[in-house]
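Accompanying notes for the structure given below.
The values are calculated or read from the model by the stated rules, or taken from the named source; none is laboratory data. Keep in mind the model is a prediction, meaning the values are calculated, not measured. Cβ sites come from the backbone with ideal geometry, for glycine too, and all protein chains shown count toward neighbours.
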Amino acid sequence: MSNKIIVNADAVKGTINKNIYGHFAEHLGRCIYEGIWVGEDSPIPNTNGIRNDVLEALKNINIPVLRWPGGCFADEYHWKDGVGPREGRKRMVNTHWGGVVENNHFGTHEFMMLCEMLGAEPYINGNVGSGTVQEMSEWVEYLTFDGESPMANWRKENGREEPWKLKYFGVGNENWGCGGNMRPEYYSDLYRQFQTYVRNYGDNKIFKIAGGANIDDYNWTEVLMKNSAPFMDGLSLHYYTIPGDFWLGKGSATDFTDDEWNITMQRALHMEELVTKHGTIMDKYDPEKRIGMIVDEWGTWFDVEPGTNPGFLYQQNTIRDALVAGVTLNIFNNHSDRVQMANIAQTVNVLQAMVLTEGKEMILTPTYHVFDMYKVHQDASLLSVETSIEENDKNKLPDVHVSASKSNNGEVNITLCNVKMDANSTVSIDLRGYEQKLANVKGTILTSKEKNDRNTFENPEAVKPTEFNGVEVNGSTLTVTLPPMSVVLLTV
């Protein structure tokens, strides 16, 4: 057998930060309004305006951190318009996403409430592109100051006596593009200025995240690290898996060829090179790896579903998306010495979503099920893995993609992806340094017969995890046969 994996159960390489399994909810399309927020008066069952079905689904996958309000939206969002009595809040035009008018009913208080309900850390993105230093400074004061000040007093008037705990704050978003079309030298100086006024009040210590590179703009990372590293705790990176051309046509989410499947997998695996190369630049200026790489936008991006608003970025979600999620999360796990957070785009009804809604109906996507399977890796110990994996000459795809961790109770969890559409992959896993006998190996699999199989409102459970029995145990060796297009979790 040519595919061999050695998992060293006694060789811990570090901790997989649970925030790698983070999410992103932008004011975009039906993500916030309809997807998360329906308002207290809605006939859809809700708690304080947050829809119950989505809330329960997201709680089940242990969302560790949620990024808000954007995205491109963050750099045109003025937070003061979204606090106070809802009937008095300003309406605003969402110029980036469909030109729709928003009523600002979901603002700071509602977002912080949502995070409390989810048990997730809030990650707020501040406005550098069209905002001011004072505006950003006052937002942090409003949120976190426990004392007498204009902003703290206003927060209390608006119904929140105690300050919130806020750990993660992003100073701008995509400032190379929709956040201001800036050069890295200019943004780097602007970052230094703005972050100065993102204050730590009391015992609230903010983890400041600088706006990082688009895809392979290594010069951006170089400039930011060279000039602003002492002032940041994290540096972001954005990369979307797109089989087509961003401007000319990204390709359909559900109607795609075998070649498009293979291209999608190749481009998902490109994340490995991006994390490695940006990480190498960061190492030059930060050899202790104090600064986290924050991949706060990633996922598949296809053409919108026919008949939907092109500014709403609503796409279906197939087994192909599940494989992209599986290999990407494996890559983040394996680079968790540098990658401290990642946020898939986006949580509900936008791009590679966890859940899709239509009115009062909700379905879970194949990507959701991958996050559910992979939650065992959150804050687990990353294990040393050695691989000898075949690569298909024709499409340059590896037979198997893997990461492994050990939980606090001593369980070893191995996640495996077979990205091939048309053939099984068999792999031999030698589990070394595991003291107990391999008597009990549990398996879960997510797979499907057709490459575009998906969950619909008519058939919501077409693609869902089932028990996996394709493991043979012989001493300390597992022989695993992975069906085509499959994500597998093995728990020893």
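Hey, any hits in the range 325-340 for a residue that's surrounded by 20 or more Cβ atoms within 10 Å (Cβ to Cβ), in contact with a Lys or Arg (Cβ under 7 Å, 6 or more places away or on another chain) and closer than 20 Å to residue 250 by Cα?
Scanning the range 325-340, I find no residue that is surrounded by 20 or more Cβ atoms within 10 Å (Cβ to Cβ), in contact with a Lys or Arg (Cβ under 7 Å, 6 or more places away or on another chain) and closer than 20 Å to residue 250 by Cα, so the answer is no.
If I filter the range 83-94 for residues that are among the β-branched types (Val, Ile, Thr), at pLDDT 95 or above and over 20 Å from residue 293 (Cα atoms), do I get at least one hit? Don't jump to the end; show me each part of the working.
The first filter runs over the range 83-94 and keeps only residues among the β-branched types (Val, Ile, Thr), leaving 83, 93.
Right, trim to at pLDDT 95 or above and you get 83.
Remaining after also requiring over 20 Å from residue 293 (Cα atoms): 83.
Looking through the range 83-94, at least one residue is among the β-branched types (Val, Ile, Thr), at pLDDT 95 or above and over 20 Å from residue 293 (Cα atoms).
Residue-by-condition table, conditions (1) at positive phi; (2) among the acidic types (Asp, Glu); (3) surrounded by fewer than 17 Cβ atoms within 10 Å (Cβ to Cβ):
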{"residue": "385", "(1), (2), (3)": "no, no, no"}
{"residue": "393", "(1), (2), (3)": "no, yes, yes"}
{"residue": "400", "(1), (2), (3)": "no, no, no"}
{"residue": "407", "(1), (2), (3)": "no, no, yes"}
{"residue": "430", "(1), (2), (3)": "no, yes, yes"}
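How about the range 199-287: which helices (runs of 4 or more DSSP H) wholly inside it have at least 3 residues that are over 17 Å from residue 175 (Cα atoms)? Let's see the steps before the verdict.
Details: elements: 218-228, 258-269, 271-285.
Output list reads 258-269, 271-285.
Take the range 476-492 and flag every residue that is among the hydroxyl-bearing types (Ser, Thr, Tyr), part of a strand (DSSP E or B) and under 23 Å from residue 380 (Cβ atoms).
Our first condition is that a residue be among the hydroxyl-bearing types (Ser, Thr, Tyr); within the range 476-492, this holds for 476-477, 479, 481, 486, 491.
The next check asks that each one be part of a strand (DSSP E or B); those that pass are 477, 479, 481, 486, 491.
Hits for the range 476-492 are 477, 486, 491.
Before we move on, is residue 233 surrounded by fewer than 17 Cβ atoms within 10 Å (Cβ to Cβ), touching a Lys or Arg at 6+ places or on another chain (Cβ under 8 Å) and charged (D, E, K, R)?
Values: surrounded by fewer than 17 Cβ atoms within 10 Å (Cβ to Cβ): no; touching a Lys or Arg at 6+ places or on another chain (Cβ under 8 Å): yes; charged (D, E, K, R): yes.
In short, no.
Residue by residue, here is whether (1) aliphatic (A, V, I, L, M); (2) in contact with a Phe, Trp or Tyr (Cβ under 9 Å, 6 or more places away or on another chain) holds:
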| position | (1), (2) |
| --- | --- |
| 200 | no, no |
| 206 | yes, yes |
| 216 | no, yes |
| 233 | no, yes |
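Do the conditions hold for residue 142, that is, is it more than 13 Å from residue 49 (Cβ to Cβ), under 21 Å from the mean Cα position of the chain (by Cα) and of a type in the set (Ser, Thr, Tyr)? First the steps, then the outcome.
Working: more than 13 Å from residue 49 (Cβ to Cβ): yes; under 21 Å from the mean Cα position of the chain (by Cα): no; of a type in the set (Ser, Thr, Tyr): yes.
Taking the combined requirement at face value, the residue does not satisfy it.
Starting from the range 361-376, take each residue that is surrounded by fewer than 20 Cβ atoms within 10 Å (Cβ to Cβ) and list its partners that are modelled with pLDDT of 95 or more and part of a helix (DSSP H, G or I), counting only C-beta distances under 8 angstrom and pairs at least six apart or across chains.
Qualifying pairs under 8 Å: 375/21.
Look at residue 104 and say whether it is over 24 Å from the mean Cα position of the chain (by Cα), modelled with pLDDT of 95 or more, polar (S, T, N, Q) and at positive phi. Steps first, please.
Details: over 24 Å from the mean Cα position of the chain (by Cα): yes; modelled with pLDDT of 95 or more: yes; polar (S, T, N, Q): yes; at positive phi: yes.
Judged against the criteria, residue 104 is a match.
For residue 327, indicate whether it is among the aliphatic types (A, V, I, L, M), closer than 19 Å to residue 419 by Cβ and assigned to a helix (DSSP H, G or I). Give the derivation first.
Working: among the aliphatic types (A, V, I, L, M): yes; closer than 19 Å to residue 419 by Cβ: yes; assigned to a helix (DSSP H, G or I): yes.
Judged against the criteria, residue 327 is a match.
Yes or no: residue 430 under 25 Å from residue 54 (Cα atoms) and in contact (Cβ under 8 Å) with a residue 12 or more places away in the chain? Give the derivation first.
Numbers: under 25 Å from residue 54 (Cα atoms): no; in contact (Cβ under 8 Å) with a residue 12 or more places away in the chain: yes.
Against the criterion (under 25 Å from residue 54 (Cα atoms) and in contact (Cβ under 8 Å) with a residue 12 or more places away in the chain), residue 430 does not qualify.
Looking for whichever is out of contact with any helix residue (DSSP H, G or I) (no Cβ under 9 Å at 6 or more places or on another chain) and of a type outside the set (Asp, Glu) here; the options are 306, 243. Which one fits? Can you show your working first?
Values: 243 fails: out of contact with any helix residue (DSSP H, G or I) (no Cβ under 9 Å at 6 or more places or on another chain).
Checking each option against the conditions leaves just 306.
Residues of the range 238-273 being among the β-branched types (Val, Ile, Thr) and either loosely packed, with under 15 Cβ neighbours inside 10 Å or at positive phi (or both), which ones? Walk me through it before giving the result.
Just the residues of the range 238-273 that are among the β-branched types (Val, Ile, Thr), to begin with: 241-242, 254, 257, 263-264.
Across the range 238-273, the qualifying residue is only 257.
Yes or no: the range 423-446 includes at least one residue that is closer than 22 Å to residue 337 by Cα, β-branched (Val, Ile, Thr) and modelled with pLDDT of 95 or more.
no
Collect the residues in the range 175-210 that are at positive phi and surrounded by 14 or more Cβ atoms within 10 Å (Cβ to Cβ), keeping them in residue-number order.
Taking the range 175-210 as the starting set, the residues that turn out to be at positive phi are 180-181, 202.
The one that is at positive phi and surrounded by 14 or more Cβ atoms within 10 Å (Cβ to Cβ): 180.
Looking at the range 363-420, what strands (runs of 3 or more DSSP E) fall wholly within it and have at least 2 residues that are of a type in the set (Ser, Thr, Tyr)? Give the derivation first.
Working: elements: 381-388, 401-406, 412-418.
Filter on the range 363-420 gives 381-388, 401-406.
Take the conditions crowded, with 24+ Cβ neighbours inside 10 Å and part of a loop (DSSP other than H, G, I, E, B) and apply them to residue 356. Does it pass? Please lay out each step first, then the result.
Values: crowded, with 24+ Cβ neighbours inside 10 Å: yes; part of a loop (DSSP other than H, G, I, E, B): no.
In short, no.
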